[in-house]
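Student: Quick one: the structure is below, questions incoming.
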């Protein structure tokens, strides 16, 4: 009998091909035909809930994915696990931050996006083959403070997209690998103003090549600049309430078609957090529109939840949802 594939098989393969490239990077501001668009999917529940307006944030174990300069602000070792679900697939990322009085702060990170194991069966339901498409990012980060206010950081990362097949999958297995760097800086005005500014350049590296050089596509280079403002509440509640607001702009290297994003965070006794954000993005984009989230800290342990409320995952009743766990030690 003629082999058949399930509807989900076709949907997931379409999503995977979209993320492999070539294609238009609708996950964030696009500058044209790009490869490895999975690099634009957000990592971290706090960043997700704040509309990705986090380039000036100093939350090292999560900011490592957005601005390596934030790693230099770490004063304790941290390990964080970030889990996400959407129509595209399931993402799991781990980051470890280790500060040193001599060497600055070092970080390592690993991220895997699993598009889902897909089984190819014939008309009688017999298993013919299994396809497992996945993408990986493995990185090493160095961050340090310059004085008490400024910070710089660098990340080197290996990027791979692969589809492994056992049996007959009707699609060829492949593996594509490239390398890239992220650069970042931050500055805290401290006593002069309750403001931190930041900037990062991400995914600067070799083109993403699947078959041959003629079919290679540039990585989705992104420049993100922004600021975080810390509002000082009235003295009667200053010990209990903290409010932060952030505004970022993201675009390509030429900063064409920049897309703003805003975020706000309300903290109660530095233990409970309510967050919201908004990304101004192209229609039909995965991460554009509003987002919300919550967080809680107990001693050295923290948990964050974030959810994007619109996009094609939300339209498919699988709104992008993120969970982050962090431990300081």
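The values are calculated or read from the model by the stated rules, or taken from the named source; none is laboratory data. Predicted model only: the values in this text are computed from it and were never measured. Don't worry about glycine lacking a Cβ; one is built from the backbone with ideal geometry, like all the others, and counts go over all protein chains shown.
Student: Can you pull out every residue in the range 149-184 that is exposed (fewer than 15 other Cβ atoms within 10 Å of the Cβ), touching a residue at least 40 places away in the same chain (Cβ under 8 Å) and closer than 18 Å to residue 67 by Cα?
Tutor: 149
Student: Among the numbered criteria (1) modelled with pLDDT under 95; (2) within 26 Å of the chain's Cα centre (by Cα), which single criterion is violated by residue 169?
Tutor: Going through (1) modelled with pLDDT under 95; (2) within 26 Å of the chain's Cα centre (by Cα) one by one, residue 169 breaks only (2).
Student: Right, next: Out of the residues in the range 251-273 that are modelled with pLDDT under 95 and crowded, with 19+ Cβ neighbours inside 10 Å, state the one that is farthest from residue 290 (Cα to Cα).
Tutor: 252
Student: Looking only at residues that are touching a residue at least 40 places away in the same chain (Cβ under 8 Å) and in a loop (DSSP other than H, G, I, E, B) in the range 89-140, which one is surrounded by the fewest Cβ atoms within 10 Å (Cβ to Cβ)?
Tutor: The residue in question is 124.
Student: Just wondering, is there one or more residues in the range 216-227 that are surrounded by 15 or more Cβ atoms within 10 Å (Cβ to Cβ), out of contact with any helix residue (DSSP H, G or I) (no Cβ under 6 Å at 6 or more places or on another chain) and more than 25 Å from residue 42 (Cβ to Cβ)? Quick ask: steps written out before the conclusion?
Tutor: First, the residues of the range 216-227 that are surrounded by 15 or more Cβ atoms within 10 Å (Cβ to Cβ): 216-227.
Subsequent filtering for residues that are out of contact with any helix residue (DSSP H, G or I) (no Cβ under 6 Å at 6 or more places or on another chain) retains 216-219, 221-227.
If we keep only those that are more than 25 Å from residue 42 (Cβ to Cβ) as well, we get 216.
The answer is yes, given that some residue of the range 216-227 is surrounded by 15 or more Cβ atoms within 10 Å (Cβ to Cβ), out of contact with any helix residue (DSSP H, G or I) (no Cβ under 6 Å at 6 or more places or on another chain) and more than 25 Å from residue 42 (Cβ to Cβ).
Student: Name, by its number, the condition in (1) part of a loop (DSSP other than H, G, I, E, B); (2) at pLDDT below 95; (3) under 18 Å from the mean Cα position of the chain (by Cα) that does not hold for residue 1.
Tutor: For residue 1, the exception is condition (3).
Student: Is it true that some residue in the range 215-225 is in contact with a strand residue (DSSP E or B) (Cβ under 9 Å, 6 or more places away or on another chain) and free of Cβ contacts under 8 Å to residues at least 60 places away in the same chain?
Tutor: Within the range 215-225, one or more residues are in contact with a strand residue (DSSP E or B) (Cβ under 9 Å, 6 or more places away or on another chain) and free of Cβ contacts under 8 Å to residues at least 60 places away in the same chain.
Student: While we're looking at this one, here's another question. Consider residue 187 against the criteria (1) over 30 Å from residue 146 (Cα atoms); (2) touching a residue at least 12 places away in the same chain (Cβ under 8 Å): it satisfies all of them except one. Which criterion is unmet?
Tutor: So the condition that residue 187 fails would be (1).
Student: Can you say whether residue 230 is under 17 Å from the mean Cα position of the chain (by Cα) and not in a loop (DSSP other than H, G, I, E, B), as far as the supplied structure shows? Spell out how you get there, then give the answer.
Tutor: Numbers: under 17 Å from the mean Cα position of the chain (by Cα): no; not in a loop (DSSP other than H, G, I, E, B): yes.
Against the criterion (under 17 Å from the mean Cα position of the chain (by Cα) and not in a loop (DSSP other than H, G, I, E, B)), residue 230 does not qualify.
Student: Just give me the residues in the range 55-66 being under 11 Å from the mean Cα position of the chain (by Cα) and touching a residue at least 60 places away in the same chain (Cβ under 8 Å), in sequence order.
Tutor: Applying the first criterion (under 11 Å from the mean Cα position of the chain (by Cα)) to the range 55-66 yields 62-66.
Selection gives 62, 64, 66.
Student: Tally the residues that are at pLDDT 95 or above and either surrounded by fewer than 14 Cβ atoms within 10 Å (Cβ to Cβ) or more than 14 Å from the chain's Cα centre (by Cα) (or both), restricting the search to the range 77-88.
Tutor: Within the range 77-88, the first condition is being at pLDDT 95 or above, and the residues that meet it are 77-84.
The next check asks that each one be either surrounded by fewer than 14 Cβ atoms within 10 Å (Cβ to Cβ) or more than 14 Å from the chain's Cα centre (by Cα) (or both); those that pass are 77-79.
Total meeting the criteria: 3.
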